[in-house]
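**Student:** Can you read through this structure? Questions will come right after.
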Amino acid sequence: MKYCSECGAPVVLQRQRSAHAWRYVCETCRIVFYQAPRLAAACIAEWEHRILLCRRAVEPEFGCWELPAGFVASGESAAAAARRETLEEAGVGVSIDRPYALLHIPSVNQFRVVYLACLLDTTFRTGAETSDARLFAEHEIPWEKVEFATTRDTLRHYLAERREGKLGFFFAEIVPAWLDP
Ligand SMILES: [Zn+2]
């Protein structure tokens, strides 16, 4: 954010009295802009026990493998966003089963809901933000190229629970290593 939406003056980032709360403030009209966390939706889309991963063709983490995911648009349901992102990134439809994980990533002001889903077909077509889309069995997942902690932690948790045959619900707060005390 650069300019005040009320008066057009430049805004400054100020630390508010409560800890951790940095907010944009207009020094001309004194408005404080409260920015709520954004919601992203992703899915673990499976076909015969293999999981769909998409290879990113955009920064950040260009070239890394990621669950199909993206931000929920205004007025869109999170499940619809997960379906839409899978269609945009891999060119395939999914049937959404249920929410499986909720991740909070305070460092980027984001929540991410991850659904379980079934692929409706496997004729993948990559979109503008994806260079490849493939199915991976558990032992084939290229962990060294799965950079996002949200994807890594969710997948590890999911695979461990799937092996035991009992799927629960996974919640995690993702704190980057550089913020760990
Ligand atoms: Zn202003």
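**Student:** Just checking, which of His157, His139 is in the same structural domain as Leu53 (by TED's automatic domain parsing) and surrounded by 16 or more Cβ atoms within 10 Å (Cβ to Cβ)?
**Tutor:** Selected residue: His157, the only one of His157, His139 that is in the same structural domain as Leu53 (by TED's automatic domain parsing) and surrounded by 16 or more Cβ atoms within 10 Å (Cβ to Cβ).
**Student:** Check segment 95-103 and report whether any residue there is loosely packed, with under 15 Cβ neighbours inside 10 Å and without any contact (Cβ under 8 Å) to a residue 40 or more places away in the chain.
**Tutor:** yes
**Student:** Another question about this same structure. Scan segment 20-32 and report the pairs whose first residue is farther than 11 Å from Ser5 by Cα and whose second residue is near the ligand (Cβ under 8 Å from one of its atoms) and outside any strand (DSSP E or B), with Cβ atoms within less than 6 Å and a gap of 6+ or a chain change.
**Tutor:** The qualifying pairs are Thr28/Cys7; Thr28/Ala9.
**Student:** Next up: Out of (1) at negative phi; (2) outside the structural domain of Leu116 (by TED's automatic domain parsing); (3) not aromatic (Phe, Trp, Tyr), what's the single condition that is false for Arg30?
**Tutor:** Of everything listed in (1) at negative phi; (2) outside the structural domain of Leu116 (by TED's automatic domain parsing); (3) not aromatic (Phe, Trp, Tyr), Arg30 misses just condition (1).
**Student:** So how many residues does segment 110-135 have that are in a strand (DSSP E or B) and either surrounded by 15 or more Cβ atoms within 10 Å (Cβ to Cβ) or touching a Cys at 6+ places or on another chain (Cβ under 8 Å) (or both)?
**Tutor:** We begin by selecting, within segment 110-135, every residue in a strand (DSSP E or B); these are 110-119, 130-135.
Next cut, either surrounded by 15 or more Cβ atoms within 10 Å (Cβ to Cβ) or touching a Cys at 6+ places or on another chain (Cβ under 8 Å) (or both) only: 110-117, 119, 130, 132-135.
Adding up the residues that qualify gives 14.
**Student:** Give me the pairs: first residue in segment 132-149 and under 12 Å from Leu67 (Cβ atoms) and modelled with pLDDT of 95 or more, second residue exposed (fewer than 15 other Cβ atoms within 10 Å of the Cβ) and not aliphatic (A, V, I, L, M), beta-carbon distance under 8 Å, and six or more apart or on different chains, which are they?
**Tutor:** Listed by first residue and then by second, the contacts come to Ala133/Arg125; Phe136/Pro142.
Condition check ((1) outside the structural domain of Asp121 (by TED's automatic domain parsing); (2) in contact with a strand residue (DSSP E or B) (Cβ under 7 Å, 6 or more places away or on another chain); (3) within 21 Å of Arg134 (Cα to Cα); (4) not hydrophobic (A, V, I, L, M, F, W, C)) across all residues:
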residue	(1), (2), (3), (4)
Trp65	no, yes, yes, no
Ala81	no, yes, yes, no
Glu88	no, no, yes, yes
Ser95	no, yes, yes, yes
Pro99	no, yes, no, yes
Leu102	no, yes, no, no
Ser107	no, no, no, yes
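**Student:** Also, I was wondering about something else. Which of (1) assigned to a loop (DSSP other than H, G, I, E, B); (2) loosely packed, with under 15 Cβ neighbours inside 10 Å is the odd one out, the single condition Glu147 does not satisfy?
**Tutor:** Tallying (1) assigned to a loop (DSSP other than H, G, I, E, B); (2) loosely packed, with under 15 Cβ neighbours inside 10 Å, Glu147 fails exactly one: (2).
The values are calculated or read from the model by the stated rules, or taken from the named source; none is laboratory data. Since the model is a prediction, treat every value here as computed from it, not as a measurement. Neighbour counts are summed over all protein chains in view; Cβ atoms, including those assigned to glycine, are modelled from backbone coordinates with ideal geometry.
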